[in-house]
Amino acid sequence: MSETSTTADKLIIFDTTLRDGEQSPGASMTMDEKVRIARALEKMRVDVIEAGFPVASVGDFEAVKAVAEAVKDSTICGLARALDKDIDRAGEALKPANSGRIHTFIATSPIHMKSKLRMSPEQVLEQAVRAVKKARQYTDNVEFSPEDAGRSDLDFLCRVLEAVIDAGASTVNIPDTVGYNIPSQFGALIHNLRERIPNSDRAIFSVHCHNDLGLATANSLAAVMNGARQVECTINGLGERAGNASLEEVVMTVKTRRDIFPCSVDHLDTTQIMSCSRLVSGITGFAVQPNKAIVGANAFAHESGIHQDGVLKHRETYEIMRAEDVGLTTNRMVLGKHSGRNAFRTRLKELGVEFKSESELNEAFSRFKELADKKHEIYDDDLQALVTEASVEAGNEWVKLVALKVCSETGEIPVATISIDVDGEEKESTSEGSGPVDAAFKAIEKIMNSGTELLLYSVNNITTGTDSQGEVTVRLEKGGRIVNGQGADTDIVIASARAYVNALNKIMEPEARSHPQTGDV
């Protein structure tokens, strides 16, 4: 019996937040952060997690390997160009995985073959088959993508896909690489491919849509209606340029409109969507817009009196989903200053955070107690930010914030005095600014003289209330390299200084990763 026939009623969710999502400028994640997100996705019961591009750098290789070691229930996937060195590197990184997949790709559109690859169609076909056979030496779970399929010649696309399925590809992924397609067109493409390729029943058809025209989710769902049974997507729609199809939108559409979709996502724990969204937002520094579908702050809010009245009388008058289904009511476990170490450890474990040593637990618990002295009630989002902040500081061995004093009053120019530890030597500086944060940043720059450009300064409250922690993202650029820095504190100026110092630590280091791929899948 073919794999397709046994899974026809199940929509496979392939999450690429850790790979394609990370290609958003400034969204780079550390290895520990990738593992945290991967564990959250595993808790949601996501089928496949694309952990990275192992050949890109030593850091990417180690991150894929770490995710493969940490995650046991989801399939872990590594991306590889249709090159032997890429496939060998991916195979090596995936060795620890309980279930591993190699995802290999090569471009098939005329413009890519001619201008980028400088290869003939026959050479591309030969290379695609060779890559799949090479990947099969490491795993039976091989996925193939014809990059820029949406602009490829249909006859040639059929030839390539038939050949790679014969070579052993169990999943064939049709990417709309540049977000060019519209739903009716893309749905028809999937239908035609499945009809015209003689051995199409031997592989699962997948789609990977980009959001350049705002149609990534719509295109993905049109493909599902036409026989695709895997959707590649990201949390919060994160990704290169305008991003990818949003996992939460795809999943909740299929779940909510089960009356029309010929497949289901019942195997997923959708109550984990909101915590996953917040985790990814906190780690990457990409805030979720308030009116974002499913996970935005206003997604289940009602301002209109008519709407409020209707919801109070019968929820389904204006709500097509329950907030509980995406996890909005699961954030009720409140810790405080009287909570013990075991409650702290247990709740973080439930959130997918486990400590490597007792000393690491003790340090995090100490930070928790400090926060509890400032903030009466500590929610899950506070704990997530606390762990992110702890991992941020753990990696900052070169520059550390020691102390900050700010004077800001009506009619006077704000002044900040800052002390930072630079490679073991404490230095102090004072500077004026247009506001307290500006003064603090200028005081840091007096010492560091980094030569960076500030691209983004963003503040978000982690929970509600005036005692909420502020989570600050600072994006810096230097020599074409872009990094994010993060900081959290109940004092927003201190959080800002921490975020700036964190960004400086990243940008002063040698570049940890580079993407050798010349085009995204």
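The values are calculated or read from the model by the stated rules, or taken from the named source; none is laboratory data. On a predicted model such as this, the values are computed, not experimentally measured, just so you know. With ideal geometry, Cβ positions are generated from the backbone for all residues, glycine too; neighbour counts draw on all protein chains shown.
Scanning segment 447-471 for residues that are among the β-branched types (Val, Ile, Thr), touching a helix residue (DSSP H, G or I) at 6+ places or on another chain (Cβ under 9 Å) and modelled with pLDDT of 90 or more yields a single hit, Thr452.
Applying a threshold of 7 Å to beta carbon distances and a minimum spacing of six or more residues, or different chains, the list of pairs starting in segment 73-89 at a residue that is surrounded by fewer than 17 Cβ atoms within 10 Å (Cβ to Cβ) and ending at one that is of a type in the set (Val, Ile, Thr) reads Lys85/Val55. Looking at segment 510-518, is at least one residue at pLDDT 80 or above and under 30 Å from Val231 (Cβ atoms)? No, there is no match, as no residue in segment 510-518 is at pLDDT 80 or above and under 30 Å from Val231 (Cβ atoms). Taking the criterion of being among the hydroxyl-bearing types (Ser, Thr, Tyr) and not in a loop (DSSP other than H, G, I, E, B), the residues of segment 160-186 that qualify are Thr171, Ser184. Using the structure shown, decide if Gly91 is over 17 Å from Glu232 (Cβ atoms) and in contact with a strand residue (DSSP E or B) (Cβ under 7 Å, 6 or more places away or on another chain). Taking the combined requirement at face value, the residue satisfies it. Within segment 93-102, is there a residue that is surrounded by fewer than 22 Cβ atoms within 10 Å (Cβ to Cβ) and assigned to a helix (DSSP H, G or I)? Taking every residue of segment 93-102 in turn, none turns out to be surrounded by fewer than 22 Cβ atoms within 10 Å (Cβ to Cβ) and assigned to a helix (DSSP H, G or I).
The requirement of being crowded, with 19+ Cβ neighbours inside 10 Å and assigned to a strand (DSSP E or B) is fulfilled somewhere in segment 52-59, by at least one residue. Among the residues of segment 108-127, is any of a type in the set (A, V, I, L, M) and within 19 Å of Ser206 (Cβ to Cβ)? For segment 108-127, residues of a type in the set (A, V, I, L, M) and within 19 Å of Ser206 (Cβ to Cβ): absent.
Note on segment 255-295: residues that are farther than 27 Å from Lys10 by Cα and either without any contact (Cβ under 8 Å) to a residue 24 or more places away in the chain or not small (Gly, Ala, Ser) (or both) amount to 7. The residue that is surrounded by the fewest Cβ atoms within 10 Å (Cβ to Cβ), counting only those in segment 157-181 that are at pLDDT 95 or above and out of contact with any strand residue (DSSP E or B) (no Cβ under 8 Å at 6 or more places or on another chain), is Asp166.
Residue pairs whose Cβ atoms lie under 8 Å apart, sitting 6 or more positions apart in sequence or on different chains, and linking a residue in segment 58-69 that is not assigned by TED's automatic domain parsing to the domain that holds Arg39 and among the acidic types (Asp, Glu) to a partner that is assigned to a helix (DSSP H, G or I) and crowded, with 22+ Cβ neighbours inside 10 Å, do not occur here. Within segment 126-149, the set of residues being in contact with a helix residue (DSSP H, G or I) (Cβ under 7 Å, 6 or more places away or on another chain) and more than 20 Å from Leu94 (Cα to Cα) comprises Ala128, Val129, Pro146, Glu147, Asp148, Ala149. For Ala135, are the conditions met, namely being within 27 Å of the chain's Cα centre (by Cα), among the aliphatic types (A, V, I, L, M) and closer than 19 Å to Leu189 by Cα? So Ala135 does not fit the description; no.
Rundown of residues vs (1) under 20 Å from Gln230 (Cβ atoms); (2) hydrophobic (A, V, I, L, M, F, W, C), yes/no style:
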residue: Phe14; (1), (2): yes, yes
residue: Glu42; (1), (2): yes, no
residue: Ile49; (1), (2): yes, yes
residue: Gly52; (1), (2): yes, no
residue: Ala63; (1), (2): no, yes
residue: Ala70; (1), (2): no, yes
residue: Ala80; (1), (2): yes, yes
residue: Gly91; (1), (2): no, no
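Counting only residues that are buried (at least 16 other Cβ atoms within 10 Å of the Cβ), at negative phi and not in a helix (DSSP H, G or I), segment 348-372 holds 3 of them. Every condition in (1) more than 21 Å from the chain's Cα centre (by Cα); (2) of a type in the set (Gly, Ala, Ser); (3) modelled with pLDDT of 90 or more holds for Ser304 except the one numbered (3). Set side by side, the residues Leu221, Leu268, Leu189, Leu213 differ, and just one is modelled with pLDDT of 95 or more, farther than 25 Å from Gly78 by Cβ and assigned to a loop (DSSP other than H, G, I, E, B), which is Leu213. Within segment 104-128, being part of a helix (DSSP H, G or I), in contact (Cβ under 8 Å) with a residue 60 or more places away in the chain and buried (at least 17 other Cβ atoms within 10 Å of the Cβ) holds for one residue alone: His112. Identify, please: which residue in segment 327-342 is modelled with pLDDT of 70 or more and in a loop (DSSP other than H, G, I, E, B) and is, among those, nearest to Leu268 (Cα to Cα)? Ranking the candidates gives Gly327 first.
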